[in-house]
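These notes are about the structure you will find just below.
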């Protein structure tokens, strides 16, 4: 019954590996987002998709590639992981100008 | 683009006292101002929001005020309780824009 879900919750991997995080929402929203929250708790938007179309791409290294197979799903693939990629990644959905609903987060640790 | 400044970064108050967190925004076209609460290890969750056509909004112990002229908005929590301890984020969005811009967060600690 969860509104926004993402998997996995924890991800521990080595530098240089490629990993994916999946996100799904059942709220019927047209827009989905990926945020990165670093150790200082700053919430920074990375990407936004509206109905499968990329709307926002915030100076994120091209090792990060979002993919939206349909408007209920937005996945994040990361190539060649680096130590600085360690963070909590939140997926969210909402309609612009209204509340955004966040997923539970994926804590990524790169060793 | 829009910029949101949030103060203080940390706030410690005695249980039962009030807490106030302030944010300023840069773009006068901003028209939606939500506040999110993030408990340790959890997701951010909306606790209250306000639109630019309203000056104040209240929900039990929490209230938000908006001063459009000065471009600032504040979160007020009265009769604080230990469960109010969390990180609070303000945010704003420019009318018609897609991006919600967050403040830097305030870590609120309620001392028993």
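The values are calculated or read from the model by the stated rules, or taken from the named source; none is laboratory data. All of these numbers come straight from a predicted model, not from anything done at the bench. All Cβ positions, glycine included, derive from the backbone under ideal geometry; neighbour counts span all protein chains shown.
Pick from the range A:84-100 the residues that are modelled with pLDDT of 95 or more and within 11 Å of chain B (Cβ to nearest Cβ): which of them is surrounded by the most Cβ atoms within 10 Å (Cβ to Cβ)?
A:91
Can you tell me which condition residue A:27 does not meet? The list is (1) within 24 Å of residue A:97 (Cα to Cα); (2) under 15 Å from the mean Cα position of the chain (by Cα); (3) not in a strand (DSSP E or B), and all the others hold.
For residue A:27, the failing item is (2).
Quick one: which residue in A:61, A:104 is assigned to a loop (DSSP other than H, G, I, E, B) and over 24 Å from residue B:89 (Cα atoms)? It would help to see each step written out before you state the result.
Working: A:104 fails: over 24 Å from residue B:89 (Cα atoms).
That would be A:61, the only listed residue that is assigned to a loop (DSSP other than H, G, I, E, B) and over 24 Å from residue B:89 (Cα atoms).
Given the criteria under 19 Å from residue B:40 (Cα atoms) and at pLDDT below 95, does residue A:43 qualify?
Numbers: under 19 Å from residue B:40 (Cα atoms): yes; at pLDDT below 95: yes.
Against the criterion (under 19 Å from residue B:40 (Cα atoms) and at pLDDT below 95), residue A:43 qualifies.
Examine the range A:3-10 for a residue that is more than 13 Å from chain B (Cβ to nearest Cβ) and either part of a strand (DSSP E or B) or without any contact (Cβ under 8 Å) to a residue 24 or more places away in the chain (or both), and state whether such a residue exists.
Quick first cut of the range A:3-10, residues more than 13 Å from chain B (Cβ to nearest Cβ) only: A:7-8.
Imposing the further condition that a residue be either part of a strand (DSSP E or B) or without any contact (Cβ under 8 Å) to a residue 24 or more places away in the chain (or both) reduces the set to A:7.
Yes, the conditions are met somewhere in the range A:3-10.
Pick from B:37, B:57: which is part of a strand (DSSP E or B) and surrounded by fewer than 17 Cβ atoms within 10 Å (Cβ to Cβ)?
Working: B:37 fails: surrounded by fewer than 17 Cβ atoms within 10 Å (Cβ to Cβ).
Among B:37, B:57, only B:57 is part of a strand (DSSP E or B) and surrounded by fewer than 17 Cβ atoms within 10 Å (Cβ to Cβ).
Go over the candidates B:93, B:47, B:21 one by one and state the one that is modelled with pLDDT under 95, within 14 Å of the chain's Cα centre (by Cα) and within 29 Å of residue A:91 (Cβ to Cβ). Write out each step before concluding.
Values: B:47 fails: modelled with pLDDT under 95; B:21 fails: modelled with pLDDT under 95.
The match here is B:93.
Looking at A:39, A:20, A:80, which one is farther than 22 Å from residue B:49 by Cα, away from chain B (no Cβ under 14 Å), in contact (Cβ under 8 Å) with a residue 24 or more places away in the chain and not in a strand (DSSP E or B)?
On the way: A:39 fails: away from chain B (no Cβ under 14 Å); A:20 fails: not in a strand (DSSP E or B).
Only one candidate qualifies: A:80.
Output the residues belonging to the range B:67-100 that are surrounded by fewer than 21 Cβ atoms within 10 Å (Cβ to Cβ), touching a strand residue (DSSP E or B) at 6+ places or on another chain (Cβ under 6 Å), more than 8 Å from every other protein chain (Cβ to nearest Cβ) and farther than 14 Å from residue B:12 by Cβ.
The answer is B:71, B:72, B:74, B:76.
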